[in-house]
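S.K.: This is the structure, below, for whatever I ask next.
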Amino acid sequence: MAETSAELLRRWVIAQCADQAAWIEESLATISQGSPERDLHVFLGYAPRKLGKADLVLSQTDLAAADAAHPGWNPSGWSVDGAARVLALLTAAGNSPFSERFKDLRRTSDVAEMIALYRGLPLYPEPETLEFEVGEGLRSNIRAVFEAIAHHNPYPRDHFDEHRWNHMILKALFVDSTLSPIVGLEERANPELARILVDYAQERWAAGRPVTDELWIPVKPFRNDPAIAEQLNKAIRDGQLTEEALA
Amino acid sequence: MFIDPHAHMISRTTDDYEAMAAAGVVAMIEPAFWVGQPRTYVGTYVDYLSTIVGWERFRASQFGIRHYCTVGLNSKEANNEELAEGVMEWLPRFALKEGVVAIGEIGYDEQTPLEDKYFRLQLALAKELHLPVMVHTPHRDKKRGTSRSMDVCEEMGVDPSMVIIDHNNEETVAETLQRGYWAGFSIYPSTKMGNARMVELLKQYGSERIIVDSACDWGISDCLGVAKTAKLALESGISQETVHRVCYQNALDAYGQSGQMNEQDWLNPAAIDQRTLFEGNSILRGGREPRIEAPGERRAGQMLIE
């Protein structure tokens, strides 16, 4: 049987931090038995101190196993302490609803912790109960926190309604982030988003500023929508846009 | 390169960050403090601590400066027992956050029984977690308050090598050094310590265990206090070695005892930090030479802090 996400994380973290294997195993065993919340806090706090912050070393096989465990989950770019923190959350016995614990941890998190918490989104139980917490992360001005949700993370594709999805794409453009690492960028294209993006492009052109070619990925399926086609054709005639960008 | 080991950046502007970076500040420590008026809810204190371990750290990184902090219940707010009890419950959770280099700034303000109670409880916490302590010494009845702070550290079994006694002056420095503590000096216009006086102290006491900081906050203060003191000291014939120790190395040695502050953090940041905190920031790559130029140059024009 395929390994679960928790089994994968445990295997990867222990392989990379063999000298701390005993501490990891003991801590996880304790927090899996419903020990006081403080034990979880201590593990989360000590994770970077004991394990370091190196990138998780993953092979193509590992990435394929991740995708098999949770379609769209891509842990490349995760750090070893971040992986251990998500593992702890998946392991901890629930004394209260998961979303309550997530909220409590997010309130007091440092930057690296917040990134780890949000990167783990696709793996948590009761994902729909985290909607408010995800909104708080998307509103963050810390780009890396926003990207922990938006990039290489299938949670938005799987759980966002159209309004939130569209605004995530738009915010990515506003904070100079990139669109191509967004999981489901083509799949979740919609006419309303295409309209918003064309408006955004015109606003930028009016200000004499360029737009990224990535912007056209979710617009392409609506290339021939009458209202959009007219504006795009005009932009091509005015030399602001090329047919190649829309190809 | 300079370290400013006492700077309340939450009260400062982006212009200050730019000036500090331009003047050669590569790392700073933001001690938890009193924000100018009392907090009346535990929740606002929790959000404040959350801000200094998170958002302010990110803000500093945008200017190429490594941000660390200390967490604690300051002496003024220790007098609100309901608030103090609440904050004490949350402190252990913040003490292990990334970049927390000490418990502080703690100590006495009016030297009340409640201040004494929470000072001792926080010293016990620091000892339990093997964290250094940043002690704020009182403005009033300073000499006695400073001696008493050290007495209590010793009573609580905290090693003087783990304690930075801050806001020293000519009256307190001899005892602080003699008893084995680190001696911080806040270069503060008019009230605490001007940089010309600081230079005289360096001539007298040398560089061992002496640390210079700006303590810049919401009041009249100068975020370039460390850089200007270094410049004045060099011009006054103090050795490069001494200036390096008191404006950089000693702070690193003292707070580095937390295991949370390492020169590699700014000279060669971990890949994850480069991607998340310092992306697109070229200032740090390969280290850099200290330099004073605009807006640092403009602001360093009045070099003396008196």
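What follows is calculated from the coordinates using simple rules that are stated; it is not laboratory data. The model shown is predicted, which means the values in this text are computed figures rather than measured ones. Ideal geometry is used to build each Cβ from the backbone, glycine not excepted, and the neighbour counts take in all protein chains shown.
S.K.: Identify which of A:Ala194, A:Ala227, A:Ala148 has the largest mean-square fluctuation in a Gaussian network model of chain A, with springs joining Cα atoms closer than 10 Å.
M.R.: Most flexible of the set in this elastic network: A:Ala227.
S.K.: Determine the calculated [θ] at 222 nm for chain A from helices alone, applying -39500 (n - 2.57) to every DSSP H run no shorter than 4 residues and normalising by the residue count; nearest 500 deg cm²/dmol.
M.R.: Values: 14 runs with 146 residues, N = 247.
Counting only the DSSP helices, I get -17500 deg cm²/dmol.
S.K.: Return the Rg/Rh ratio of the protein assembly as shown with Cα-based radii and a Kirkwood Rh.
M.R.: Result: Rg/Rh = 1.02.
S.K.: Based on DSSP H runs of at least 4 residues, each adding -39500 (n - 2.57), what is the mean residue ellipticity at 222 nm of chain B after dividing by all its residues, to the nearest 500 deg cm²/dmol?
M.R.: One gets -11500 deg cm²/dmol as the mean residue ellipticity at 222 nm.
S.K.: While we're on this one: What does the charge dipole of region B:2-272 about its Cα centre add up to, to the nearest 20 debye, if the Cβ of each Lys and Arg holds +1 and the Cβ of each Asp and Glu holds -1?
M.R.: Value, rounded to 20: 300 debye.
S.K.: Something else: Mind telling me which of B:Arg144, B:Arg120, B:Arg93 comes out most flexible in a GNM of chain B, alpha-carbon contacts under 10 Å?
M.R.: Top of the fluctuation ranking is B:Arg93.
S.K.: For a label point 7 Å from the Cα of B:Glu200 along Cα→C-beta, name the residues of region B:237-279 whose backbone N is under 13 Å from it.
M.R.: none
S.K.: With +1 on the Cβ of every Lys and Arg and -1 on the Cβ of every Asp and Glu, and nothing else charged, how large is the dipole of the protein assembly as shown about its Cα centre, in debye rounded to the nearest 20?
M.R.: Here the protein assembly as shown has a charge dipole of around 780 debye.
S.K.: Could I ask something else about it? Considering Cα pairs under 8 angstrom that are at least six residues apart, work out the relative contact order of region A:90-247 and quote it in whole percent.
M.R.: Computed over region A:90-247, the figure is 15 percent.
S.K.: If I take the Cα coordinates of chain A and project them onto the principal axes, what are the three extents in Å, biggest first?
M.R.: 67, 34, 32
S.K.: Neighbouring Cβ atoms within 10 Å as the yardstick, rank A:Leu63, A:Leu121 fewest first.
M.R.: Neighbour counts put them in this order, fewest first: A:Leu63, A:Leu121.
S.K.: Take A:Phe102, B:Phe119 and order them by how many other Cβ atoms sit within 10 Å, fewest up front.
M.R.: Final ranking by Cβ density, sparse to dense: A:Phe102, B:Phe119.
S.K.: While we're here: Positive end of the dipole of the protein assembly as shown, charges at C-beta (+1 Lys, Arg; -1 Asp, Glu), about the Cα centre: which of A:Leu9, B:Ala174, A:Ala206 has its Cα farthest in that direction?
M.R.: B:Ala174
S.K.: A further question follows. Listed here are the pairs A:Lys53/A:Lys171; A:Lys103/B:Lys76; B:Lys76/B:Lys142; which of them are more than 23 Å apart at the Cα?
M.R.: Result: A:Lys53/A:Lys171; A:Lys103/B:Lys76 exceed 23 Å.
S.K.: Could you tell me which Cys residues in chain B have no other cysteine's Cβ under 4.7 Å from their own Cβ, answering none if every one has a partner?
M.R.: If one checks each Cβ against the other cysteines of chain B, B:Cys69, B:Cys153, B:Cys247 turn up with nothing under 4.7 Å.
S.K.: Let me ask you something else. Report ³J(HN,Hα) in whole Hz for each residue of region B:210-218, in order, from the Karplus equation J = 6.51 cos²θ - 1.76 cosθ + 1.60 where θ = phi - 60°; Gly and Pro get x.
M.R.: Result, ordered by residue: 9, 10, 9, 9, 8, 6, 4, 8, 7 Hz.
S.K.: Something else about it: Top mean-square fluctuation among B:Met261, B:Met156, B:Met193, Gaussian network model of chain B, C-alpha springs under 10 Å?
M.R.: Maximum fluctuation in the GNM of chain B, among the listed residues, is at B:Met156.
S.K.: Over 10 Å intervals from 0, what percent of Cα-Cα pairs in chain B sits in each interval?
M.R.: Reading upward from the zero bin: 6, 30, 37, 22, 5, 0.
S.K.: Here is a further query. What number does region B:110-152 give for Rg over Rh if you use C-alpha atoms and the Kirkwood radius?
M.R.: For region B:110-152, the value is 0.98.
S.K.: Within 10 Å of each residue's Cβ, count the other Cβ atoms and sort B:Phe2, A:Phe132 from fewest upward.
M.R.: A:Phe132, B:Phe2
S.K.: Using alpha-carbon pairs under 8 Å, 6+ residues apart, how would you state the relative contact order of chain B in percent?
M.R.: Working: 587 pairs, mean separation 70.4, N = 306.
Reported as a whole number, the value is 23 percent.
S.K.: Once you charge only the Cβ atoms, +1 for Lys and Arg and -1 for Asp and Glu, what is the size of the charge dipole of region A:187-247 about its Cα centre, to the nearest 20 debye?
M.R.: Here the size comes out at about 80 debye.
S.K.: State the answer as a single residue: which of B:Thr146, B:Leu49, B:Gly72 lies farthest towards the positive end of the charge dipole of region B:2-272, with beta carbon charges of +1 for Lys and Arg and -1 for Asp and Glu, about the Cα centre.
M.R.: B:Thr146
S.K.: Subtracting the Cα-Cα distance from 0.36 nm times the residue separation, let me have the gained length for A:Gln231 to A:Val175 in nm, one decimal.
M.R.: Gain on extension, A:Gln231 to A:Val175, equals 17.7 nm.
S.K.: For B:Gln264 and B:Thr44, calculate 0.36 nm times their separation in residues minus their Cα-Cα distance, and state this gained length in nm to one decimal.
M.R.: Additional length available on full extension: 75.8 nm.
S.K.: Which one of A:Leu246, B:Tyr17, B:Val246 has its Cα pushed farthest toward the positive end of the charge dipole of the protein assembly as shown, where Lys and Arg give +1 and Asp and Glu give -1 at the Cβ?
M.R.: Working it through, the farthest residue towards the positive pole turns out to be B:Val246.
S.K.: Let me ask something additional. Please compute the contact order of region B:3-114 in relative form: average sequence separation of alpha-carbon pairs under 8 Å and at least six residues apart, divided by the residue count, as a percent.
M.R.: 29 percent
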